[in-house]
Amino acid sequence: MSDVATATLDASRAWVLSPEVSLRDEAFGALAYHHGNRRLVFLKSPTLVALVRALDTYENLNGALDALVAPAERSRYLQALSSLEQSGLLRAS
């Protein structure tokens, strides 16, 4: 994934799962379905699922990442979240 995708997600802002999105737990993580655009996305990491579900409990994305993601993995999860935002699954709150 490119750094351009990462740059679009401002980690100093608060982000939440779009209210149009449903998550269904699976052995690999979860399926995310956007009821508006009918996009189906595979979240292939239990940590990513936990992070997405917990976003609304943190003041901003940096706080959520600090609490739930190892520092060495931060960039990888930020890229994944940016991709989810571009797919319409996340929105700024």
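The values are calculated or read from the model by the stated rules, or taken from the named source; none is laboratory data. Since the model is a prediction, treat every value here as computed from it, not as a measurement. Because the Cβ atoms are built from the backbone with ideal geometry, glycine has one as well, and the counts that use them run over all protein chains shown.
Being surrounded by 12 or more Cβ atoms within 10 Å (Cβ to Cβ) and at pLDDT 95 or above narrows it down to one of Leu9, Leu40, Leu84, so name that one.
Working: Leu9 fails: at pLDDT 95 or above; Leu40 fails: surrounded by 12 or more Cβ atoms within 10 Å (Cβ to Cβ).
The conditions single out Leu84.
I need a count of the residues in the range 20-38 that are on the phi > 0 side of the Ramachandran plot and not in a strand (DSSP E or B). Don't jump to the end; show me each part of the working.
Filtering the range 20-38 down to residues on the phi > 0 side of the Ramachandran plot leaves 29, 38.
Filter once more, so that each one left must be not in a strand (DSSP E or B): 38.
Counting residues in the range 20-38 that are on the phi > 0 side of the Ramachandran plot and not in a strand (DSSP E or B) gives 1.
Please tell me if Leu55 is surrounded by 15 or more Cβ atoms within 10 Å (Cβ to Cβ) and in contact with a Leu (Cβ under 6 Å, 6 or more places away or on another chain).
Values: surrounded by 15 or more Cβ atoms within 10 Å (Cβ to Cβ): yes; in contact with a Leu (Cβ under 6 Å, 6 or more places away or on another chain): no.
No.
Can you report the number of residues in the range 45-93 which are of a type outside the set (Asp, Glu), more than 17 Å from Ser22 (Cβ to Cβ) and part of a loop (DSSP other than H, G, I, E, B)?
Result for the range 45-93: 6.
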